[in-house]
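The values are calculated or read from the model by the stated rules, or taken from the named source; none is laboratory data. From a predicted model like this one, the values you see are computed outputs, not experimental measurements. Neighbour counts are summed over all protein chains in view; Cβ atoms, including those assigned to glycine, are modelled from backbone coordinates with ideal geometry. Only protein heavy atoms, including side chains, enter the accessible area calculation; ligands, DNA and RNA are left aside. Shrake-Rupley method; radii C 1.70, N 1.55, O 1.52, S 1.80 Å.
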Number of protein chains: 2
Amino acid sequence: MSFPLQLKAYSEPVDARLRQLLPSVETPPTELHAAMRYSCLAPGKRLRPVLCMVAAESVGAEIHSVLDAACAIEMVHCFSLIHDDLPAIDNDDLRRGVPTLHKKYGEAMAILAGDALFALALESLSRSDQMAERVVRAVQILTAASGSGGLVGGEVVDVLSEGKAVDAVTLDFIHQRKTGALIGAACEIGAVLGGADREVSKALHLFGIQIGLAFQIADDILNETSTAEQLGKSAGSDRERQKATYPSLYGLEQSREKAEFAVEGALAGLRSMGIVHPHVEELAYYAIQRLQ
Amino acid sequence: MSFPLQLKAYSEPVDARLRQLLPSVETPPTELHAAMRYSCLAPGKRLRPVLCMVAAESVGAEIHSVLDAACAIEMVHCFSLIHDDLPAIDNDDLRRGVPTLHKKYGEAMAILAGDALFALALESLSRSDQMAERVVRAVQILTAASGSGGLVGGEVVDVLSEGKAVDAVTLDFIHQRKTGALIGAACEIGAVLGGADREVSKALHLFGIQIGLAFQIADDILNETSTAEQLGKSAGSDRERQKATYPSLYGLEQSREKAEFAVEGALAGLRSMGIVHPHVEELAYYAIQRLQ
């Protein structure tokens, strides 16, 4: 199942803008910039930035008004993948169909390129051509979603749980942070920069959290049932490392149901707030259509 | 030479506020928060936050108005030390008189605690109780100073230069970024949040860059001439790793002169802008007094 055609209209400007925001390989330190570009420009679905732009559109804003914020979110995602792939953490060799950054450029460069991408993400967001109050709010949302209460916190518990029996509460703790937090932030930032009020922004935040859950469950299922070639990263690696996953706790069938339930809940929440947009629905269903 | 007594009036509020801003060890993930506090609350001079506060005061602001920004800068410094100490980078065992974070909590936790500190730094800065326009400018300054054009960029060239003959241009490239950028940002952010105009803020930025150079040269000299006990970190380690340093390129005596020259230049620049403050002078001279 490929990324829906209509959504290319969102992901293509993201790719183009990322190319501009990332420093050129001619600018010193050239190796660092080459490493940053290698990771961040590898082909990806750009799910998080697309969600940010679709969220902005769903509240009546132009997608270009949140393009830099969308790119910032993709950079944070990319930074977190680089660090998670490191030998000391998940020790993965393959990512997005190519060798992981530390395999290609060495461990020191991977650590530092991740750090530099994180800095560039926040710098790009803070340079958004938007009202200062909205930019400040967006920075608050993105940093909270990235830190110890979000992305990094989830990864820590994931690492500490390897090889242990994990209960449902811990599994949710991990994924609400590791996946949900950034996807929730992507949607909320799109809403905030798009001019939505607090209530609508929070509704889109919750939508993102639920969609994030659906994507994570789907990824867990695909990690079980696909080949490395299909995934562009190591397959079956979760099970080998005895990682906590939805299929390992609930089985494949119940995991699939949980993902569908999350998507329906996410869309119902938005509809109840009067937020209806065809691309929002399409993106939400894309999470689970990949499983068919 | 201990940190000047009068400056305790600046560093003590920083320590107290850092304790509040860092998540409690009771908040999950508890191991992560313990690791963040272990590194960030280890006794330090708090040079960068003190410079931020003194810069704010030199433009007529209250030091408490920049306290959260000052803490943010210390967190960025701390994050960069944690990552630089990692086995894949400098592989240091001792920092601020205690084992480095990866020695104490393992490599995965050190990578992730560094990441979380960086996120918390930007979150704390973005939550500063200040005009939104000034906060946005401060975020731009801090992220630019941290990324591939600043701190991280300098570290990359430092790593790539190990064991190689390094010329004066490369040595300056490394240290203007690795040390100068963040100290320059600390002073500029103090000025910006303190309400200074662009010209005064830039003057304080330049002051910080020059003071940063003086501190770096002094640190290089002390690394050559002190014991680990005096330093609180490994002594002579630069030479062992054949690292590019000012003494290795210019010799001890000429390095000392370079440091003094940088301090005098820094203070002359401020005086020419009419910025005169006793604590600014005291901090500037502290850089080189350590060498006597």
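Pairs exceeding a 26 Å alpha-carbon distance, out of A:K178/B:K104; B:K45/B:K258; A:K164/B:K104; A:K8/A:K258; A:K243/B:K104; A:K178/B:K178: A:K8/A:K258; A:K178/B:K178.
What accessible area, in Å² to the nearest ten, does a 1.4 Å probe give for B:R96? Roughly 60 Å² of B:R96 is accessible to a 1.4 Å probe. Nearest-to-axis residue in chain A, judged by Cβ distance to the rotation axis that brings A onto B and given in whole Å, is A:A132, 2.
For region B:33-166, the calculated P(r) over all alpha carbon pairs, in 5 Å bins from 0 to the bin holding the longest distance, is 2, 10, 18, 21, 19, 14, 9, 5, 2, 0 percent.
Toward the positive end of the charge dipole of region A:3-291, with +1 on the Cβ of Lys and Arg and -1 on the Cβ of Asp and Glu, the farthest Cα among A:L267, A:L86, A:G44 is that of A:G44.
For region B:1-105, the set of GluC sites (Glu not before Pro) satisfying both a DSSP loop assignment and a count of at most 12 other C-beta atoms within 10 Å is given as B:E26, B:E62. By the Stokes-Einstein formula, at 0.890 mPa s and 25 °C, region A:149-292 with its Kirkwood radius over alpha-carbon pairs has D equal to 156 µm²/s. Charge dipole (Cα centre; +1 on Lys/Arg Cβ, -1 on Asp/Glu Cβ; no other charges) of region B:103-190 amounts to roughly 140 debye. Taking 15 Å as the straight-line reach from the Cα of B:K202, the aspartates and glutamates in range (excluding those fewer than 8 positions away in the same chain) are B:E188. Think of a 1.4 Å ball rolled over the protein heavy atoms: chain B then has 37 Å² of accessible area per residue. Each part reduced to its alpha carbon centroid, region B:42-84 and region B:241-292 end up 19 Å apart. Please state the shape class of the protein assembly as shown: rounded when a/c is under 1.5, otherwise prolate if a/b exceeds b/c and oblate if not, all from the C-alpha gyration tensor. It is prolate, given that a/c is not under 1.5 and a/b is the larger ratio.
Distance between the pseudo-spin-label points of A:E257 and B:Q254 (7 Å out from Cα toward the beta carbon): 7.8 nm.
Distance from the alpha carbon centroid of region A:128-165 to that of region B:163-216 works out to 29 angstrom. Comparing each chain alone with all protein chains together (probe 1.4 Å, DNA, RNA and ligands left out), the residues of region A:14-48 losing at least 30 Å² of accessible area are A:P29, A:L32. Its Cα centre serving as origin, the protein assembly as shown has a Cβ charge dipole (Lys and Arg +1, Asp and Glu -1) of approximately 280 debye. Peptide A:102-112 shows a mean partner chain C-beta count of 5 within 10 Å per residue C-beta.
Please give the average number of partner chain Cβ atoms lying within 10 Å of the Cβ of each residue in B:82-89, rounded to a whole number. Write out the running numbers ahead of the final one.
Details: counts 0, 6, 3, 0, 6, 4, 11, 5.
Rounded to a whole number, the mean comes out at 4.
Here is the interface size for B with A: some 3500 Å² of accessible area buried, both sides summed, with a 1.4 Å probe.
Counted by Cβ distance under 15 Å from B:A191, the other residues give a net charge of -1, where Lys and Arg count +1 and Asp and Glu count -1.
Per-residue surface analysis assigns A:K8 an accessible area of about 80 Å², computed on protein heavy atoms at 1.4 Å probe radius. With a 10 Å cut-off around each Cβ of A:119-131, the average count of Cβ atoms from other chains is 6.
Label-to-label distance, A:L5 versus A:Q20, with points set 7 angstrom from Cα along the beta-carbon direction: 2.8 nm.
Charging the Cβ of each Asp and Glu at -1 and of each Lys and Arg at +1, and nothing else, the dipole of chain A about its Cα centre rounds to 220 debye. The average projected area of region A:3-291, computed from the convex hull of its Cα atoms over all directions, is 13.7 nm². Applying 1/(1 + (r/R0)^6) with R0 = 25 Å to the Cβ-Cβ distance of A:R241 and A:Y285 gives a FRET efficiency near 0.25.
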